[in-house]
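The values are calculated or read from the model by the stated rules, or taken from the named source; none is laboratory data. Keep in mind it's a predicted model, so treat the numbers as computed, not measured. So basically every Cβ, Gly included, is an ideal-geometry build from the backbone, and we count neighbours across all protein chains shown.
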Amino acid sequence: MDNDLFPTSDHPAAPVPDIPAQDGPERRRRRAPVPVDNPDGIELAPYTIPQVPAIGWDPGTSPRRRWIARGLLGAVLAVQAALSLRLLAAAHPDEAAAMVAGRQQLANLMHGTPVTTDLVDRVHGSPWLYPPLAGAAADASGIWGTRLLSLGFALLTTVLLYSLTRRLFNERVAICAIGVYAVLQSTVVVGFYAAPESLAVLLVALAAWTTVFTARRHPALALLAAPPAALACAVAYSAAFAVPALVALAFACARPRHRAGPAALRALLTGAGTLVLLLPYGTLGRVAGWSPSQGNAPGSAGSILLGTLQWAGLFTVLAVAGTIAYARREQMNEHDAAEKDPVPTTRGQRALLGAVLTVTALLVPAAHLWTGTSGALFRHLGYGMLLAAPLAGVGLTRLVGAHFRHPQLGILVWVALLALGLEQSALRYQNGPDSGRLLAVLRVHTEPQGRYLTEVDGLAEYYLGSVSRPEQWVSARAGTEYRDGAGVQHHGDDGSVAAIRDGWFTMVVLDSTAPRATDRALSAALADAGHYRLIAQFTSPTGDSSTYKVYLKH
């Protein structure tokens, strides 16, 4: 028998002392390790049990794990696409306005055709960026083409969110983050909605991904995030909500590997680069002067808070819980698994990163509360949800626990978010009067030489293009340039009121979601003029206050 493994009488083993039992749930009696016979006096390395990874799978990079993660990413994208594609309805006025303006902008770019519609001002972004894309898609496949373009933007956004979350944390958090983000009402609706926010959210995601990707590299590379951030603000002025978070993200991501000075330099370069790129053509001034109240339906503080609670309440709670849990302890290897030498983070650094990503979800509703508007809240919430999604993923993984200890809790939260997203996105497409019935009335009374004032911008211009021209329809939201019989020139709402008083319009269409001052002024002018009679009224089937009214000159 091998004496190197089993001691003999020549080398007696030392007595094994008893050690008192330790306090604990199992109260086991521990024994000292039995020494191995070592006559040559060679120092032996102690044997230790390796620590089990807390994430529940191999923390190293492996092809198997990569393919599993990619398969789950494809499944999430398929679910997101299915949720958006089920939303079938006629074009919303905002969508119709974007397509009509886009067609004219595209014709102007390609053939020099003058732009005759005033719907360009309805698109709150550069008229030369998203509208031509929407116009080209509408020329190819109508409203379906434009919505499929938005769906493509939304799916690319989810892919970028997965990649940046994986770089911040790991694949497990990334899958949870996109799984939560893909079923939100804002994601589902904007992903099948012909509006510039779909492209702007994609550009914000690209800017955030670039910021995270360059965090470990030379500080000058932080400038790479400036072009997509500036372009997002130009595409949709509402993307300015995300710029402060992107600047702070540049600092928070670099802080674990760099001192405060270099990290602050990255943030400074990101912010300064974005501002410099917005300077040409006065884009910076338009972004700075934009507010959620422009062209937006008024809303009380209660309606804004209720909408935020319904559309983002559970998600925000999950993101805040993830921020708190992550700040307290980095207990599930929440760092980029592909990184060879992960740097330990302090509690303050983790709290900073979590706060930077999560606070944007609260900034958007705060801005709408300040301006008292709620019409575009469901679209603007997407910026905050995109940036807070990584922490929502952390919250979901912490809820499930290491080694999938409580999967039922994670499934319960995700199913609740899915149910809310399904119901809320369907209601969003039904939220409004029947535009089909409105268009049927307008088609009957539209004349080739008529003049029409409408608060429902875009619908008539898009659907009645065969019986009227876009310039025949005047947007009440933009106001009217009108010279009365005495030669006095009137502008804005005053011009619309003066034209109604003189019976200049053939037909007037009101929308109760238009700016309150404009709607009241036009309603009073129609009642006092005596030239018009109410021929149709359509109220939202969902029971809210949205109503269309059609007045015809008699």
Odd one out for A514 among (1) farther than 21 Å from S468 by Cβ; (2) in contact (Cβ under 8 Å) with a residue 60 or more places away in the chain: (1)
Positions within region 447-461 being modelled with pLDDT of 90 or more and more than 20 Å from P515 (Cα to Cα), in sequence order: G450, R451
Options R122, R70, R103: the member that is more than 24 Å from E423 (Cα to Cα), among the basic types (K, R) and free of Cβ contacts under 8 Å to residues at least 12 places away in the same chain: R70
Hits in region 495-518 - residues which are in contact with a His (Cβ under 9 Å, 6 or more places away or on another chain), among the aliphatic types (A, V, I, L, M) and closer than 16 Å to H445 by Cα: M507
Odd one out for L133, checked against (1) within 20 Å of A389 (Cβ to Cβ); (2) in contact (Cβ under 8 Å) with a residue 60 or more places away in the chain; (3) in a helix (DSSP H, G or I): (1)
Region 60-81 - residue that is more than 18 Å from the chain's Cα centre (by Cα) and among the small types (G, A, S) and, of those, farthest from G191 (Cα to Cα): G60
Scan of region 423-446 for residues that are modelled with pLDDT under 90, in contact with a strand residue (DSSP E or B) (Cβ under 6 Å, 6 or more places away or on another chain) and of a type in the set (A, V, I, L, M, F, W, C), ordered by number: L438
Some residue of region 422-430 being more than 16 Å from the chain's Cα centre (by Cα), polar (S, T, N, Q) and either under 30 Å from H124 (Cα atoms) or surrounded by fewer than 17 Cβ atoms within 10 Å (Cβ to Cβ) (or both): yes
Whichever residue in region 130-179 is of a type in the set (D, E, K, R) and surrounded by 21 or more Cβ atoms within 10 Å (Cβ to Cβ) and, among such residues, is farthest from A81 (Cα to Cα): R167
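Please verify whether region 37-49 includes one or more residues that are among the hydroxyl-bearing types (S, T, Y), at pLDDT below 50 and over 30 Å from L417 (Cβ atoms). Don't jump to the end; show me each part of the working.
First pass over region 37-49, keeping only residues among the hydroxyl-bearing types (S, T, Y): 47-48.
Right, trim to at pLDDT below 50 and you get none.
No: region 37-49 contains no residue that is among the hydroxyl-bearing types (S, T, Y), at pLDDT below 50 and over 30 Å from L417 (Cβ atoms).
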Check on L420, part of a helix (DSSP H, G or I), modelled with pLDDT of 90 or more and either assigned by TED's automatic domain parsing to the domain that holds D519 or closer than 22 Å to V188 by Cα (or both): yes
Qualifying residue in region 191-199 (condition: under 17 Å from V235 (Cα atoms), without any contact (Cβ under 8 Å) to a residue 12 or more places away in the chain and not acidic (D, E)): no
From G530, G503, residue being surrounded by fewer than 18 Cβ atoms within 10 Å (Cβ to Cβ), farther than 25 Å from R437 by Cβ and at pLDDT below 90: G530
Qualifying positions in region 111-129 - part of a loop (DSSP other than H, G, I, E, B) and under 23 Å from the mean Cα position of the chain (by Cα): V123, H124, G125, S126, P127, W128, L129
Where a residue in region 369-392 is closer than 17 Å to Q185 by Cα and touching a residue at least 40 places away in the same chain (Cβ under 8 Å) and its partner, wherever it lies, is charged (D, E, K, R) and surrounded by fewer than 24 Cβ atoms within 10 Å (Cβ to Cβ), with Cβ under 8 Å and at least six apart: F378/R428
